[in-house]
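The next block holds one structure in the form of structure tokens; read it before the comments.
The values are calculated or read from the model by the stated rules, or taken from the named source; none is laboratory data. Keep in mind that what you see is a predicted model, and the values were worked out from it rather than measured. Glycine gets a Cβ as well: all are built from the backbone with ideal geometry, and neighbour counts include every protein chain shown. Note: accessible area is taken over every heavy atom of the protein model, side chains too, but ligands, DNA and RNA are not part of it. Shrake-Rupley method; radii C 1.70, N 1.55, O 1.52, S 1.80 Å.
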Amino acid sequence: MLRLLIAAMMLMASLSAAAADPAAVKRGQAVVDEWCRDCHVREGEKLTADMAPPYSMIVGIEGRDRAWFEAFLKADHFPMTTFRLFDHEKADVVEWLLDLQKRQEK
């Protein structure tokens, strides 16, 4: 009985972790639109040497999960660090990226 209870709790925790907070996703998109879109190629545009890749390419790479995005946004990546994001903004961007990733998988 205890094993069943533990298994149910683990399942609920994984489901709640997988469900994106719509408000966080919306805030993340706003941060991306304000600070990131000038340097990242928009969908359908040609990737050039002076532009960062489109988000669809970034989230489509194997192994890009919550931990990877969080670690990436904590580290300095020039010239990205020109725009310093607050921790709550980084968390919202991660939610937006994960939501985009999930939408692409469909």
Next on the checklist: Given R₀ = 22 Å, what would the calculated FRET efficiency be for D33 paired with M57, taking r from the Cβ atoms and rounding to 0.05?
Outcome noted: 0.75
Checklist entry - Taking a ≥ b ≥ c as the square roots of the eigenvalues of the Cα gyration tensor of the range 32-106, is the shape rounded (a/c under 1.5), prolate (a/b larger than b/c) or oblate? => result oblate
Next on the checklist: Can you list residues from other chains, or at least 5 along the same chain, whose modelled amide H is less than 5 Å from the amide H of H40?
Outcome noted: A52
Checklist entry - Under a 1.4 angstrom probe, counting protein chains only, how are K106, K90 ranked by accessible area, largest first? => result K106, K90
